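**Student:** Following this message is one structure expressed as structure tokens.
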Amino acid sequence: MRLLLACLLVALSATQAAAEAMKVGDLGPVPSRQTCLSTARTALERYLDAHGGLSVTGETDTPENWSIYGWGLRPGNNDVVILCPMVAGESHAFYAIHSDGPQAVENADTTARRIRALWDSLH
């Protein structure tokens, strides 16, 4: 019985440590893909300056590119992509966040709120 209980506790603690969350959001229409990519890069760089993280990658001056990435954003460990596809002939911005760790859901929510605030401040 003790062995079973110990195994159950180990399994539960491993599940909590391996928690993951995904969050997506719509940042709205933008005048052009170039504007979207530039705004995305600026927002994610400001995020790093204000809250911490690892890096921002993605090109803003290549028309074939339509994504900017933020890696290891804090709190926790959040990887973010801001996408700039054409929707019904208009440039549009969306984000996707992948978070992992014991507070993945809360960290993804915090990251989303911060990205939204930074994005809105740039318009």
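The values are calculated or read from the model by the stated rules, or taken from the named source; none is laboratory data. Predicted model only: the values in this text are computed from it and were never measured. Heads up, the Cβs are rebuilt from the backbone with ideal geometry, glycines too, and the neighbour counts pull from every protein chain shown.
**Student:** I need a count of the residues in the stretch 73-89 that are closer than 26 Å to E106 by Cβ and either small (G, A, S) or assigned to a strand (DSSP E or B) (or both).
**Tutor:** The qualifying residues number 9.
**Student:** Return only the number of the condition from (1) without any contact (Cβ under 8 Å) to a residue 24 or more places away in the chain; (2) surrounded by 19 or more Cβ atoms within 10 Å (Cβ to Cβ); (3) not polar (S, T, N, Q) that L83 does not satisfy.
**Tutor:** Unmet for L83, out of (1) without any contact (Cβ under 8 Å) to a residue 24 or more places away in the chain; (2) surrounded by 19 or more Cβ atoms within 10 Å (Cβ to Cβ); (3) not polar (S, T, N, Q): (2).
**Student:** Taking interchain pairs and intrachain pairs at least six residues apart, which have beta carbon atoms under 8 angstrom, with the first residue in the stretch 9-35 and at positive phi and the second modelled with pLDDT of 95 or more and surrounded by 12 or more Cβ atoms within 10 Å (Cβ to Cβ)?
**Tutor:** Taking only residues 6 or more apart or on different chains, the pairs are G28/H92; G28/A93.
**Student:** Also: For the stretch 50-72, does any single residue satisfy the condition of being at pLDDT 95 or above, hydrophobic (A, V, I, L, M, F, W, C), part of a helix (DSSP H, G or I) and touching a strand residue (DSSP E or B) at 6+ places or on another chain (Cβ under 7 Å)?
**Tutor:** no
**Student:** Need pairs with beta-carbon distance below 8 Å; first residue at positive phi and within the stretch 101-123, second outside any helix (DSSP H, G or I); sequence gap 6+ or separate chains.
**Tutor:** Partner pairs satisfying both residue conditions: G101/A19; G101/G76; G101/N77.
**Student:** Here's a follow-up. Only residues that are of a type outside the set (K, R), assigned to a strand (DSSP E or B), in contact with a helix residue (DSSP H, G or I) (Cβ under 7 Å, 6 or more places away or on another chain) and over 14 Å from H123 (Cα atoms): list them for the stretch 19-47, please.
**Tutor:** Across the stretch 19-47, the qualifying residues are E20, A21, G25.
**Student:** Is it the case that H92 is crowded, with 17+ Cβ neighbours inside 10 Å and part of a strand (DSSP E or B)?
**Tutor:** In short, yes.
**Student:** Same structure again: Across the stretch 68-123, what is the total count of residues that are aliphatic (A, V, I, L, M), within 18 Å of C36 (Cβ to Cβ) and touching an Asp or Glu at 6+ places or on another chain (Cβ under 8 Å)?
**Tutor:** Residues flagged as aliphatic (A, V, I, L, M), within 18 Å of C36 (Cβ to Cβ) and touching an Asp or Glu at 6+ places or on another chain (Cβ under 8 Å) within the stretch 68-123 amount to 2.
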